[in-house]
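Before any comments, here is the structure.
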Amino acid sequence: MEMMIRARRNRRSGAIRGLVRETRLSVADLIFPMFFHEDGEDVEIASMPGCKRWSVSGLLGEVKEVYALGIRAVVLFPKIAEELKSGDGAECANDLGLVPGMIREIKGACPGMCVITDVALDPYSSDGHDGLVVRDGMGGLRILNDETVDVLCEQALCHARAGADIVAPSDMMDGRVGAIRVALDDAGFEEVGIMAYTAKYASAFYGPFRGALDSAPKEGDKQTYQMDPGNVREAVRELMLDEEEGADIVMVKPAGPYLDVIARLRDETTLPIAAYQVSGEYLMIKSACAGGWLDEQAVVMESLLGIKRAGADMILTYFAKEVAIWLRQEAG
Ligand code: PBG
């Protein structure tokens, strides 16, 4: 056949494919979400095989290990003891609580690790909601916005005092990014960043995470604050708000089923974009690979590359440690 152009020429060898590759995954892109509790034991999380809920000392050991592998950012998710949960979630701003203690430990043992904290009330709320709950008198629940934002500001300040580098409000209340920015600045924490959960969808893919922390809503669902899965223009609207309110990084969550949202926000903003490959995405890959039907390393790498290609600068993933190991092996 006579052909001037043959696309396959650029795929001919590993060396050439390396030259023309448009997207690469690097250990510097990874953020490792970690679970912990105040018990002295590290326990396997039933809903997330391969993930542990760490003791404080266990988590510290794991942090040092992943740091040595090149991971430079973690995000902390506590399982709060049932007796510390309450209607007002007050434990979230206790300077002597589990999260501030963990931040200080990590910063002491591994100062180069960027510590990101989740700001939302669900682990602390006896109702299992991200905000304060009132009954509307007709048997329904209402999540209070402005009152919740006041508590979230206290929570963010508590994390900042303990040494958090970045706070990540995952609650989806209106106006919380701006309010947290002002609260941090007024207290002298101008350098503490905000990673906003900008487009966080009301997704069924969070199930295994709620199992890990025992934080599922006791009643109702999160559809009055998290976004409707059908919407993408609304994600742009949330982006505009978070930008105006001073977000340093914006996030799309979940990642895999929302690649179009990542791509859309990439077109609309100059801010860095984070994407969260959530617990349900993790579990789907894990269970398919446990059955031997998929090749775990290949599928994980491809799923993350897809998220980056869509436009994410960084990825929160429960596979972070394995990926760091695989990237090392590939380089070596
Ligand atoms: C809580 C929070 C959730 C996740 C991160 N922060 C759960 C939820 O909103 O119900 C989910 C993460 C995952 O599924 O991996 N504010």
remark   = In nm, the gap between the two label points placed 7 Å beyond Cα toward Cβ at Arg161 and Leu19 is 5.9 nm
query = Considering the dipole of segment 44-122 built from charges on the beta carbon (Lys and Arg +1, Asp and Glu -1) around the Cα centre, which of Phe77, Val99, Cys51 is farthest to its positive end?
reply = Cys51
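Taking only DSSP H segments of four or more residues, each worth -39500 (n - 2.57), what value at 222 nm results for the chain once the sum is divided by all its residues, to the nearest 500 deg cm²/dmol?
Numbers: 11 runs with 128 residues, N = 332.
My calculation for the chain gives -12000 deg cm²/dmol from helical runs alone.
Could you tell me which trypsin sites (Lys or Arg not before Pro) in segment 213-294 are loop residues by DSSP with no more than 15 other beta carbons within 10 angstrom of their beta carbon? Before the final figure, lay out the partial values.
Values: sites: Lys218, Lys222, Arg233, Arg237, Arg264, Arg266, Lys286; in loops: Lys218, Lys222.
Taking segment 213-294 and a limit of 15 other Cβ atoms within 10 Å, the loop trypsin sites (Lys or Arg not before Pro) found are Lys218.
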ask   = Extension gain Arg210-Lys64, at 0.36 nm per residue separation less the Cα-Cα distance, in nm?
value = 49.9 nm
key: Spatial separation of Cα centroids for segment 153-177 and segment 1-39, in angstrom   = 34 Å
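What length, rounded to one decimal in nm, is gained on full extension from Ala331 through to Arg11, with 0.36 nm per residue of separation minus their alpha-carbon distance? Could you put the intermediate results ahead of the total?
Working: separation 320, 0.36 × 320 = 115.20 nm, distance 2.01 nm.
Here the segment from Ala331 to Arg11 would lengthen by 113.2 nm.
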ask   = With labels modelled as points extended 7 Å from the Cα through the Cβ direction, what inter-label distance (nm, one decimal) is found for Met284 paired with Asp228?
value = 2.2 nm
query = Ranked highest first by average number of other Cβ atoms within 10 Å, how do 43-49, 19-25 line up?
reply = 43-49, 19-25
key: Radius of gyration, Dmax [the chain; alpha carbons; angstrom]   = 20.4, 77
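For segment 201-332, give the percent of accessible area contributed by carbon and sulfur heavy atoms, probe 1.4 Å, rounded to a whole number.
Numbers: 3120 of 6000 Å².
Carbon and sulfur atoms account for 52 percent of the accessible area of segment 201-332.
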Accessible area in square angstrom per residue, segment 171-259, 1.4 angstrom probe = 42 Å²
Rounded FRET efficiency, nearest 0.05, which uses the C-beta distance separating Asp146 from Ser86 and R0 of 22 Å = 0.65
task = Can you check how the C-alpha radius of gyration of segment 108-192 compares to 2.2 N^0.38 Å, as a plain ratio?
result = 1.21
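The values are calculated or read from the model by the stated rules, or taken from the named source; none is laboratory data. This structure is a prediction, so every number in the text was calculated from the model and none was measured. Every residue, glycine as well, gets a Cβ built from its backbone with ideal geometry; the counts of neighbours run over all protein chains shown. The accessibility values were calculated without ligands, DNA or RNA, using every heavy atom of the protein model including side chains. Shrake-Rupley method; radii C 1.70, N 1.55, O 1.52, S 1.80 Å.
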